[in-house]
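Asks: Got a structure for you, written out below as structure tokens; questions coming shortly.
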Amino acid sequence: MALNRPVEVVSCYEAGYDGFWLHRLLEAHGVCNYVIDPASVQVDRRARRVKTDKVDVGRLLRSLLAYLRGEPKVWSVVRAPSIAEEDDRRLHRERDRLINERVQHVNRIKGLCAVHGIYDYEPLRPNRLARLEQLRAADSQELPPRVKAEIVRELQRLELVLNMIKTIEAERDAIVSAGKSSMQPMRRRSRISSGSRASDRRSEPHWSAKSSTGSSTIANSLGAMSG
């Protein structure tokens, strides 16, 4: 059926693995799209929790119609960040993942050492490779060759992760320093502006009560003379 007037297309989808690229694409083509927090969509807790694409689409469609009728509490709309805002989060998220990976490597190395009664080896110290050559098991014997080789490989992975963390933190610190440098001229302008306002207040004339009284007396005298 052909329509002789423009129509508005509205869509929605739950935020998840795909991120916000689909939202930006739909918005660029004139579609009014909503990205929804999945945990905020209302469900009937007494009904059986059947989860299929058909059920999910029907539930989202009913919620969308209710939202468009003016019921904002049916769900929570997620604010879609811009590409630049989303990219700014990458450093922080990657650093968090690398920190977790560092913990995993350290725990793995300490676990391999504990199997042979070694509890004082610290993989994060700078001399970790040299210290490994000096390790002795609880029976004063050298570590078995395969265990030692596995620890060396874990140390190599740990070294790679540590270098990545150092690179990311250097980039982060550079961004922070650049931000502070750009704020300094603004602060100087603010101090100059505040100083000029204070100077203007000091230069304003202050009329004393005596002069006001005198002016009032002169005005009264002129009024009497004119009368």
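Asks: Identify, from the list 137, 114, 80, the residue that is among the hydrophobic types (A, V, I, L, M, F, W, C) and within 30 Å of residue 171 (Cβ to Cβ). Explain how you work it out, then say what you get.
Replies: Numbers: 137 fails: within 30 Å of residue 171 (Cβ to Cβ); 114 fails: within 30 Å of residue 171 (Cβ to Cβ).
Step by step, each of 137, 114, 80 is checked, and only 80 is among the hydrophobic types (A, V, I, L, M, F, W, C) and within 30 Å of residue 171 (Cβ to Cβ).
Asks: A further question follows. Would you say residue 18 is of a type outside the set (Lys, Arg) and in a helix (DSSP H, G or I)? Step through it out loud before you land on a result.
Replies: On the way: of a type outside the set (Lys, Arg): yes; in a helix (DSSP H, G or I): no.
Spelling it out, it is not the case that residue 18 is of a type outside the set (Lys, Arg) and in a helix (DSSP H, G or I).
Asks: To continue, here is another question. Tell me which residues, restricted to segment 124-178, are in a helix (DSSP H, G or I), of a type in the set (A, V, I, L, M, F, W, C) and closer than 17 Å to residue 111 by Cα.
Replies: We begin by selecting, within segment 124-178, every residue in a helix (DSSP H, G or I); these are 128-133, 145-178.
Next cut, of a type in the set (A, V, I, L, M, F, W, C) only: 129-130, 132, 147, 149, 151-152, 155, 158, 160-162, 164-165, 168, 170, 174-176, 178.
Once the filter is applied, which keeps residues that are in a helix (DSSP H, G or I), of a type in the set (A, V, I, L, M, F, W, C) and closer than 17 Å to residue 111 by Cα, segment 124-178 yields 129, 132, 147, 149, 151, 152, 155, 158.
Asks: Whether any residue in segment 47-59 is of a type in the set (Asp, Glu), outside the structural domain of residue 172 (by TED's automatic domain parsing) and outside any loop (DSSP other than H, G, I, E, B) is what I want to check. Please lay out each step first, then the result.
Replies: Of segment 47-59, the ones of a type in the set (Asp, Glu) are 53, 56.
Remaining after also requiring outside the structural domain of residue 172 (by TED's automatic domain parsing): 53, 56.
Those left that are additionally outside any loop (DSSP other than H, G, I, E, B): 53, 56.
The answer is yes; a qualifying residue exists.
Asks: Scan segment 93-115 and report the pairs whose first residue is under 30 Å from residue 138 (Cβ atoms) and whose second residue is part of a helix (DSSP H, G or I) and β-branched (Val, Ile, Thr), with Cβ atoms within less than 6 Å and a gap of 6+ or a chain change.
Replies: From residues that are under 30 Å from residue 138 (Cβ atoms), the pairs are 101/161; 102/161; 109/151; 112/147; 112/151.
Asks: hydroxyl-bearing (Ser, Thr, Tyr) and either surrounded by 15 or more Cβ atoms within 10 Å (Cβ to Cβ) or not in a loop (DSSP other than H, G, I, E, B) (or both): is that true of residue 67 in this structure?
Replies: Working: hydroxyl-bearing (Ser, Thr, Tyr): yes; either surrounded by 15 or more Cβ atoms within 10 Å (Cβ to Cβ) or not in a loop (DSSP other than H, G, I, E, B) (or both): yes.
Answer is yes for this residue.
Asks: So how many residues does segment 28-38 have that are part of a helix (DSSP H, G or I) and in contact (Cβ under 8 Å) with a residue 12 or more places away in the chain? Don't jump to the end; show me each part of the working.
Replies: Our first condition is that a residue be part of a helix (DSSP H, G or I); within segment 28-38, this holds for 28, 38.
With the extra rule that they be in contact (Cβ under 8 Å) with a residue 12 or more places away in the chain, the set shrinks to 38.
Qualifying residue count, segment 28-38: 1.
The values are calculated or read from the model by the stated rules, or taken from the named source; none is laboratory data. Owing to the predicted nature of the structure, the values given are computational and were not obtained by experimental measurement. Backbone-built Cβ (ideal geometry, glycine too); neighbour counts: all protein chains shown.
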